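Scroll down for the structure; my scribbles are underneath it.
Every number here is computed from the coordinates shown, using simple stated rules; none is lab data. Computed from a predicted model, the values in this text were never measured in an experiment. Here the Cβ positions follow ideal geometry from the backbone for every residue, glycine too, while neighbour counts run over all protein chains shown.
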Amino acid sequence: MSYTLFIAGDSTAALKGAAEKPMTGWGEYLQDYFQPSMRVDNRAMNGRSTKSFLAEGRLAAIEQDFGAGDYLFIQFGHNDGKVEDPNRYADPKLEYHQNLLRFIESARERGGFPVLLTSVSRRRFFEDGSLDPLALGQYPAAMREVADETETPLLDIYAASQQLYEALGSDRSKRLFMHLPEHAHPNYPAGIVDDTHFSDEGARQIARLVAEAIQQSAELSALKQHLKGEIT
């Protein structure tokens, strides 16, 4: 029996086109950790928040293909915090909270399993070399609250990614992100310094963090059966 793991999220997870490479979303590498019995269907989309993803009918499109036993991975927050854009902004304590409930209920109503993933952290170091614990404001905390309230499995990728960046340090962590000098790549002739979006290496490492979090989750024992094996 085979199942599908759908990813609903933003550009940090989304599939990138040729014109965006070497920028890569972590969702592009998650399939590498699963047996053929679990197919990853990455529906994450650049620039979306919970609000705009719902308004554009993207959850409705997932619902058309979602079956009993499938999984819905839900990771938003980067664009929900864009106060200047009313089409995307969702207050972490109010609309963001309510929107996450819609995703959770959608999966459960169809006999599937919602999983909440706190947002991947931005790379934001202070001058003393420490990481900004609020690099995504209140959104990771708000998602943890929803997970507790609804008894939904949570993969704390925000915490895991912060630990990764801290272990690498300010300089070495740059290689995980889109830091390219001028003329280094034809897609970015002027160069780029982007501490939100991942390089190919960064996407691979975040996908690994997601797989490790699944492996360590007591609540996802059924999903673990589809992993290729121990992640070492």
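At a 10 Å Cβ-Cβ cut-off, how would you order VAL83, VAL120, VAL146, VAL210, fewest neighbours first?
In increasing order of surrounding Cβ atoms, one gets VAL83, VAL146, VAL210, VAL120.
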Original post:
Using modelled backbone amide H atoms (1.01 Å from N, in-plane), which distant-in-sequence or interchain residues come within less than 5 Å of TYR71's amide H?
Top reply: THR4, LEU5, PHE6, PHE113
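Given a Förster distance of 25 angstrom, what is the FRET efficiency for ASP200 paired with VAL83, based on the Cβ-Cβ distance and rounded to 0.05? It would help to have the intermediate numbers written out before the result.
Working: r = 32 Å, r/R0 = 1.27.
Rounded to the nearest 0.05, the efficiency is 0.20.
Could you size up the charge dipole of the stretch 86-232 around its Cα centre, putting +1 on the beta carbon of Lys and Arg and -1 on that of Asp and Glu, and report it in debye to the nearest 20?
On the way: 16 positive and 22 negative charges, 87 e Å.
Here the size comes out at about 420 debye.
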**OP:** Calculate one ³J(HN,Hα) per residue across the stretch 190-204 by plugging θ = phi - 60° into the Karplus curve 6.51 cos²θ - 1.76 cosθ + 1.60, and present them in order as whole Hz with x for glycine and proline.
**Re:** 8, x, 7, 10, 9, 9, 10, 9, 8, 6, 4, 4, x, 4, 4
Original post:
Want the number for GLU219 to GLN138: 0.36 nm per residue separation, take away the alpha-carbon distance, what's left?
Top reply: 26.7 nm
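For the chain, what does -39500 (n - 2.57) per DSSP helix run (n ≥ 4), summed and divided by total residues, give at 222 nm, in deg cm²/dmol to the nearest 500? Present the calculation step by step, with values, prior to reporting the outcome.
Values: 7 runs with 78 residues, N = 232.
That comes out to -10000 deg cm²/dmol.
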Original post:
What spacing in nm lies between the two simple spin-label points modelled at GLU182 and LEU168, each 7 Å away from Cα in the Cβ direction?
Top reply: 2.6
**OP:** For ARG124, list long-range residues whose amide hydrogen, built 1.01 Å from N in the peptide plane, is under 5 Å from its own amide hydrogen.
**Re:** ASP132
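Taking the Cα centre as origin and putting +1 on Lys and Arg beta-carbons and -1 on Asp and Glu beta-carbons, what dipole magnitude results for the stretch 127-212, to the nearest 20 debye?
For the stretch 127-212, the charge dipole is close to 380 debye.
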Subject >> Within the stretch 1-56, GluC sites (Glu not before Pro) in DSSP loop having at most 13 other beta-carbon neighbours inside 10 Å >> reply: GLU56
**OP:** For MET38, enumerate residues with amide H under 5 Å from its amide H, sequence gap 5+ or separate chain, H modeled in the peptide plane.
**Re:** TYR3
**OP:** Evaluate the distance, in nm, between pseudo-label points positioned 7 Å from the Cα of SER130 and of ALA19 along their respective Cα→Cβ axes.
**Re:** 4.3
Subject >> Percent of C-alpha pairs per 10 Å bin, the stretch 67-123, short to long >> reply: 23, 45, 26, 6
Original post:
What list of ³J(HN,Hα) couplings, whole Hz, do you get for the stretch 161-174 from phi and the Karplus terms 6.51, -1.76, 1.60, once you set θ to phi - 60° and write x for glycine and proline?
Top reply: 5, 4, 5, 5, 4, 5, 5, 7, x, 4, 6, 5, 5, 4
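Over 31 Å, how big is the tail of the calculated P(r) for the chain, in percent of all Cα pairs? List each step's numbers first, then the result.
Details: 4767 of 26796 pairs.
Summing the P(r) of the chain above 31 Å gives 18 percent of all pairs.
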Subject >> Neighbour-count ranking [beta-carbon atoms within 10 angstrom, fewest first] of ASP10, ASP85 >> reply: ASP85, ASP10
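If each residue's Cβ is checked for other Cβ atoms within 10 Å, how do GLU105, GLU219 rank with the fewest at the top?
GLU105, GLU219
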**OP:** For the stretch 17-116, just run the numbers: alpha carbon Rg, then divide by 2.2 N^0.38 Å, N being how many residues it has.
**Re:** 1.14
